[in-house]
1. Quick check: pseudo-label points 7 Å beyond the Cα along Cα→Cβ at residue 166 and residue 26, how many nm apart are they?
2. In square nanometres, what is the average projected area of the Cα convex hull of the chain?
3. Rounded, prolate or oblate, given the Cα gyration tensor of the stretch 66-178, with a/c below 1.5 counting as rounded?
4. If you take the square roots of the eigenvalues of the alpha-carbon gyration tensor of the stretch 30-97 and sort them as a ≥ b ≥ c, do you get rounded (a/c under 1.5), prolate (a/b over b/c) or oblate?
5. May I ask you to give the solvent-accessible area per residue for the chain, in square angstrom, as obtained with a 1.4 angstrom probe?
6. Helix-derived [θ] at 222 nm for the chain: sum -39500 (n - 2.57) over DSSP H runs of at least 4, divide by residue count, nearest 500?
7. Say the dipole of the chain comes from +1 at the beta carbon of Lys and Arg and -1 at that of Asp and Glu; which of 123, 178, 68 then lies farthest toward its positive end?
8. For the chain, find the longest principal axis of its Cα atoms and tell me its angle to the long axis of helix 182-198, 0 to 90°, nearest 10.
Amino acid sequence: MRNLRSTLTLIGLALLLAACSDPRLEPLFDDDVILAFGDSLTEGVGVDAEQSYPAALERLSGRTVINAGIAGETTTEGLQRLPQVLDRTRPNLMILLEGGNDILRNHDPAVTEANLERMIEMARERGIEVLLVGVPEKKLFSDTAPLYGDLAQRYDLPFEDDAVADLLRNPEVKSDAVHFNADGYRRLAEAVYGQLQAEGAL
């Protein structure tokens, strides 16, 4: 009986681990469209357009990646802009990397989280999947702000947690205090690409 109980326990753990590792994104077809939505880190401030992370991701993925980044944008402004962008571009997947300007300007984190939450819901209402990218807190050598992890868990989102924070701690991949150089954006694209692969999109 003890051996049977142990065996059943091991089977249960294996099933649980398998469930946890199931990909959360639908595979992207060759002609599907990815929307990179965000602020200056998406736009690619500090480099030419072809060196931005959406351009690098397009080369890696072989899919069309639309760069919908606007430097200086807050989540409140992004929330107002997003519906028109989604309706115009009709993407299959949205990569959401926004909130850095809220953090730099000391906006209420609850408002930032609510704005991002509504963006996620807008995408899902249109049948668009979402990959969330975290942004660090306004502290030296900071990790990603907790609100991003909370959102990812609440909505069971694929989540790139560490890339932006890790890159911002590395002066060799930055063009200024808060933006990357070509190497930094390439590494960000590689991190996003890895998440898309791990989650079944590519």
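1. Using points 7 Å along Cα→Cβ, the separation is 3.0 nm.
2. Average projection, Cα convex hull of the chain: 13.2 nm².
3. Here the stretch 66-178 falls in the prolate category.
4. Oblate.
5. 51 Å²
6. Helix contribution divided over all residues of the chain: -15500 deg cm²/dmol.
7. 123
8. 30 degrees
The values are calculated or read from the model by the stated rules, or taken from the named source; none is laboratory data. These numbers come from a predicted model, not from an experiment. Cβ atoms come from the backbone with ideal geometry, glycine included; neighbour counts cover every protein chain shown. Note: accessible area is taken over every heavy atom of the protein model, side chains too, but ligands, DNA and RNA are not part of it. Shrake-Rupley method; radii C 1.70, N 1.55, O 1.52, S 1.80 Å.
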